[in-house]
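Below is one structure, written out as structure tokens; the observations come after it.
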Amino acid sequence: MRTHLKRAWTACAAGLLASGLALSAAAAQTAPSEIKIGTLYASSGPFAVASEGQYHGLQYWAAGVNKSGGVFVKAFNKKIPVKIVAYDDQSSTATATTLYNQLITQDHVDILMADFGSVLTSVAIPLAAEHHMLLIDPTGSGANFFTKKTNYLADVSIPSSTVWPLPLAHFILAQKIKRVAIVYGSNDFDASQAETLKATLEKGGVKPVYYHGVPTTESNYTVLLHTIAAHNPEAVIELGYAPNDIAFLHALAGSGLHFNMTFTIFPGQLLALMEKNVGAKTLAYTYTYPTPPLVAYPKTTLGPNTAAFVKEFTAAEKAAPNFLDAAGFNTGLIMQQMLATAPKFTQLDFHQALMDMSGKTTTLLGEFKINSHGAQMGELPPVAQLVPAGKGVTPVVVYPQDKATGKAIYPAPKK
Amino acid sequence: MALLEYALIGGILYGIFFSLVGIGLNLIFGVMRIINLAHGQFIMLGGFGAYMLARGMGLNPLFGIPLAIAGGIVIGYPLYYGVVPRLQKSQDPEMLSFILFFGIAQMIEAVAVFAFGADQRSLPQDALGSGNIGVLGQEFPDSWWVACLVSVLAMLGLYLYFSRTRLGFATRAIMADRDEARATGIDVDRVSAIALIIGIALAGIAGVFVPYLIGSVSSSIGDGLTTTSFAIIIIGSLGNPLGTVVGGLVFGVGTMLMQTYYSSWSNLAPYALLLAIVLVRPSGLLGRAVRRA
């Protein structure tokens with residue numbers, strides 16, 4: 001009897017030992033040799049400048065983490081190098097659709113990250129959901145992306161269009177501007193910003209005197225500006241991508257028209273590009289949303305603060321970063337923290353890790369706060385006016401009051 | 001009423017400029033029956049040429065015009081003798097040219113990205129005048145008028161070339177029938193090479209004004225300009241360069257009217273017009289009338 005018991009215990013112990021060894025072996029096998037991050041960038045087309053900036057920021061982040069042995073992955077309790085698998089979509093949604101599909105089904109990337117902006121992100125959202133992959137969305141903010149609860153979308157580096165224009169709307173109301181013209185690009189990004197802006201203004205008793213969309217490819221605003229001027233607006237808000245903003249500001253400068261307030265988006269993201277194209281004189285006294293590094297977040301809970309990032313990036317890349325560089329880097333940081341906290345290496349655990357970070361994390365772009373629909377509710381940029389400084393212009397934050405660095409010069413002086 | 005007037009005058013100015021944008025493409029098709037899918041890229045090169053002169057050397061962008069003519073010679077002559085005679089000998093030169101020039105377009109775009117990057121480039125706002133000129137009380141920037149004037153002069157020059165010079169007569173003879181022209185002793189290759197040079201030069205000249213009319217020039221604007229040019233020349237009359245003027249005016253006025261009254265659909269206007277005209281009059285608005293002349 002005792003011999004039988006002894007044999008049984010020995011067998012159990014051997015079994016446990018064997019299964020333990022097998023489990024460890026399995027765990028070691030499933031830890032990948034590298035974390036594959038699949039993304040797209042545009043080397044040409046209307047989104048190229050912004051897209052390349054975002055991609056550059058991501059590459060800068062990846063180089064930094066790989067230098068220190070990779071990212072810590074909690075699921076495997078070890079550091080693993082990251083590898084970026086990236087293809088060029090040439091700013092084409094059709095090409096982007098094929099390439100996102102390739103990243104998911106052929107390259108079997110571990111993390112899927114969208115290209116710049118709402119237009120090139122829009123085609124990735126249904127694909128990611130279909131394949132049950134979490135889409136890390138750096139700069140796609142279209143309101144209609146975030147209409148229902150999802151585990152497969154997270155907007156990480158730009159506020160959702162449902163909240164983004166709120167400071168602008170509140171500023172217009174605070175300035176007691178009654179006649180507002182809104183012209184916007186007919187795409188997810190601009191149209192949803194325009195809708196939010198219009199709704200908020202109307203709630204405050206201001207019904208826009210002009211509210212029209214233009215094609216995303218619109219490049220001539222001369223006749224349109226004349227049509228807008230016929231409505232006698234005090235403020236003209238143009239919501240477009242960088243090429244639209246350049247064409248709009250050029251047309252405004254050449255038209256001889258003057259409005260008390262003019263607002264465009266991209267001077268706040270790509271100030272150097274806009275200054276180079278339209279000149280400081282044209283930009284002077286216009287308004288924009290200043291984004292980091294034009295505004296700085298000195299206190300962060302994750303990664304360097306804005307000033308430290310600018311210093312490190314400039315030293316490494318021999319060029320000062322713009323917002324898109326910062327957004328690409330910030331996306332890397334968020335993914336890094338996600339991998340460091342997700343208990344299992346699954347897409348659902350990645351999503352949960354992001355939800356757990358939400359509201360408790362501040363990065364160089366501000367507070368990271370996403371809702372259950374994947375929309376970024378934090379990182380809200382203020383409203384700034386570009387004022388002449390030396391040969392260029394510099395943003396002066398004019399709203400909200402607690403962040404203001406100066407007072408708005410309203411109405412804008414004639415040039 | 002003032003809005004309508006503004007849209008009509010703006011549309012005419014814009015349309016005259018876009019006649020220049022499309023006319024080179026139509027000339028090349030009319031003479032050689034080849035489809036130059038790189039047309040928009042040649043316009044883009046004209047824009048970058050003016051940019052380099054203005055920003056790099058501090059010259060007025062109008063010096064881009066002689067540069068575009070020189071560029072037309074440097075590119076057009078070898079391109080013709082290297083490519084076109086071989087294409088003409090093939091079974092289906094139109095389709096082959098389609099593919100070949102698509103490749104050339106991609107190459108030019110890639111080289112432009114390499115040389116200039118992907119970002120937008122603009123010319124000094126006041127280089128063509130910083131004021132506005134009014135007609136019937138409607139004012140437009142000086143740059144629009146200069147672009148319009150140069151377009152008119154370029155098209156007038158082309159008209160005089162066709163109607164007053166031996167080379168122009170020979171070109172029209174080739175446009176009517178290439179084989180018959182050759183049989184009558186016309187040096188078809190020489191005349192066609194000159195037509196290709198003129199076509200590319202006109203595209204380059206249009207490019208000089210692109211940054212003023214569409215805000216900026218970038219390496220990726222070529223394909224869009226080629227598509228617009230196609231719409232314009234088909235509206236006017238494919239193969240008839242002077243029909244392009246009518247096509248351009250229809251395009252310009254249609255676009256500006258749409259932009260004034262229903263801006264969301266403004267880029268649909270030229271293609272809706274194209275569809276309607278192709279259905280009603282497949283040879284284009286000036287198709288038959290000019291061919292008889």
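Of all residues in segment B:98-113, those that are part of a helix (DSSP H, G or I) have Cβ atoms under 8 Å from Cβ atoms of residues that are β-branched (V, I, T), 6 or more apart or on another chain, in B:F98/B:I35; B:L100/B:V83; B:F101/B:I34; B:F101/B:I35; B:A105/B:T226. Kindly indicate the residue of segment A:184-202 that is away from chain B (no Cβ under 14 Å) and among the aliphatic types (A, V, I, L, M) and also most open to solvent (accessible area, probe 1.4 Å) among those meeting that condition. So, considering only residues that are away from chain B (no Cβ under 14 Å) and among the aliphatic types (A, V, I, L, M), the one most open to solvent (accessible area, probe 1.4 Å) is A:A199. Scanning segment A:215-254 for residues that are of a type in the set (S, T, Y) and facing another protein chain (nearest Cβ under 10 Å) yields A:T216, A:T217, A:S219, A:Y221, A:T222, A:T227. Looking at segment A:307-415, the strands (runs of 3 or more DSSP E) lying wholly inside it that each contain 1 or more residues that are modelled with pLDDT of 95 or more and more than 20 Å from A:I265 (Cβ to Cβ) sit at A:361-363, A:366-368, A:383-389.
For segment B:203-215, the set of residues classified as open to solvent by less than 10 Å² (accessible area, probe 1.4 Å) and within 10 Å of chain A (Cβ to nearest Cβ) consists of B:V210, B:P211, B:L213, B:G215, listed by residue number. If you go through segment B:227-259 and keep only what is among the β-branched types (V, I, T) and within 14 Å of chain A (Cβ to nearest Cβ), you end up with B:T227, B:T228, B:V253, B:T255. Tell me, which residue of segment A:248-271 that is assigned to a loop (DSSP other than H, G, I, E, B) and under 23 Å from the mean Cα position of the chain (by Cα) is surrounded by the fewest Cβ atoms within 10 Å (Cβ to Cβ)? Top of the filtered list is A:L270.
Being open to solvent by 30 Å² or more (accessible area, probe 1.4 Å) and under 18 Å from A:T288 (Cα atoms) holds for only one residue in A:P413, A:P382, and it is A:P413. Being surrounded by fewer than 20 Cβ atoms within 10 Å (Cβ to Cβ), within 25 Å of A:T196 (Cβ to Cβ), touching a residue at least 24 places away in the same chain (Cβ under 8 Å) and out of contact with any helix residue (DSSP H, G or I) (no Cβ under 7 Å at 6 or more places or on another chain) holds for only one residue in A:K83, A:K78, A:K149, and it is A:K149. Pick from segment B:93-103 the residues that are hydrophobic (A, V, I, L, M, F, W, C) and open to solvent by 30 Å² or more (accessible area, probe 1.4 Å): which of them is nearest to the other protein chains (Cβ to nearest Cβ)? In this case the residue turns out to be B:F102. Restricting attention to segment A:299-318, the residues being touching a helix residue (DSSP H, G or I) at 6+ places or on another chain (Cβ under 7 Å) and of a type outside the set (G, A, S) number 5.
Considering only residues in segment B:107-158 that are of a type in the set (A, V, I, L, M) and touching a strand residue (DSSP E or B) at 6+ places or on another chain (Cβ under 9 Å), the one that is surrounded by the most Cβ atoms within 10 Å (Cβ to Cβ) turns out to be B:L123.
Considering segment A:272-291, and only residues there that are of a type outside the set (A, V, I, L, M, F, W, C) and open to solvent by 10 Å² or more (accessible area, probe 1.4 Å), the residue that is farthest from the other protein chains (Cβ to nearest Cβ) turns out to be A:Y285. Whether a residue is surrounded by fewer than 14 Cβ atoms within 10 Å (Cβ to Cβ), over 17 Å from the mean Cα position of the chain (by Cα), over 20 Å from B:G204 (Cβ atoms) and among the hydroxyl-bearing types (S, T, Y) was assessed, and B:S90 passes this test. Could you check, for segment A:349-370, whether at least one of its residues is small (G, A, S), more than 28 Å from A:P167 (Cβ to Cβ) and in contact with a strand residue (DSSP E or B) (Cβ under 6 Å, 6 or more places away or on another chain)? No, segment A:349-370 has no match at all.
Filtering segment A:308-345 down to residues that are free of Cβ contacts under 8 Å to residues at least 24 places away in the same chain and within 29 Å of A:P32 (Cβ to Cβ), which residue is surrounded by the most Cβ atoms within 10 Å (Cβ to Cβ)? Applying the filter and picking the extreme gives A:M338. Can you name the number of the only condition in (1) open to solvent by 30 Å² or more (accessible area, probe 1.4 Å); (2) of a type in the set (S, T, N, Q); (3) farther than 24 Å from B:F98 by Cβ; (4) within 14 Å of chain A (Cβ to nearest Cβ) that B:T184 fails? The single condition B:T184 does not satisfy is (4).
Applying the condition of being under 27 Å from the mean Cα position of the chain (by Cα) and outside any helix (DSSP H, G or I) to segment A:158-179 and asking which residue is nearest to A:G328 (Cα to Cα) yields A:I158.
Taken over segment A:203-247, residues that are open to solvent by 30 Å² or more (accessible area, probe 1.4 Å), of a type in the set (A, V, I, L, M, F, W, C) and within 22 Å of A:Q385 (Cα to Cα) amount to 0.
In segment B:66-87, is there at least one residue being among the hydrophobic types (A, V, I, L, M, F, W, C), in a helix (DSSP H, G or I) and more than 29 Å from B:A181 (Cα to Cα)? Yes, segment B:66-87 contains at least one residue that is among the hydrophobic types (A, V, I, L, M, F, W, C), in a helix (DSSP H, G or I) and more than 29 Å from B:A181 (Cα to Cα). Listed by first and then second residue, the pairs linking a residue in segment B:265-281 that is within 14 Å of chain A (Cβ to nearest Cβ) to a residue that is open to solvent by less than 50 Å² (accessible area, probe 1.4 Å) and of a type in the set (D, E), with Cβ atoms under 9 Å apart and 6 or more places separating them unless they lie on different chains, are B:S266/A:E218; B:N267/A:E218.
Out of all the residues in segment B:18-33, is one or more more than 11 Å from every other protein chain (Cβ to nearest Cβ), within 16 Å of B:G134 (Cα to Cα) and open to solvent by 10 Å² or more (accessible area, probe 1.4 Å)? No, segment B:18-33 has no match at all.
For every residue, the table says whether it meets (1) charged (D, E, K, R); (2) part of a loop (DSSP other than H, G, I, E, B); (3) more than 14 Å from every other protein chain (Cβ to nearest Cβ); (4) without any contact (Cβ under 8 Å) to a residue 24 or more places away in the chain.
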position: B:L123; (1), (2), (3), (4): no, yes, no, no
position: B:S130; (1), (2), (3), (4): no, yes, no, yes
position: B:A147; (1), (2), (3), (4): no, no, no, no
position: B:L158; (1), (2), (3), (4): no, no, yes, no
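The values are calculated or read from the model by the stated rules, or taken from the named source; none is laboratory data. Note that the structure is a prediction, hence the values are computed from the model and not measured. Ideal geometry is used to build each Cβ from the backbone, glycine not excepted, and the neighbour counts take in all protein chains shown. These area figures cover heavy atoms from the full protein model, side chains too; ligands, DNA and RNA do not enter into them. Shrake-Rupley method; radii C 1.70, N 1.55, O 1.52, S 1.80 Å.
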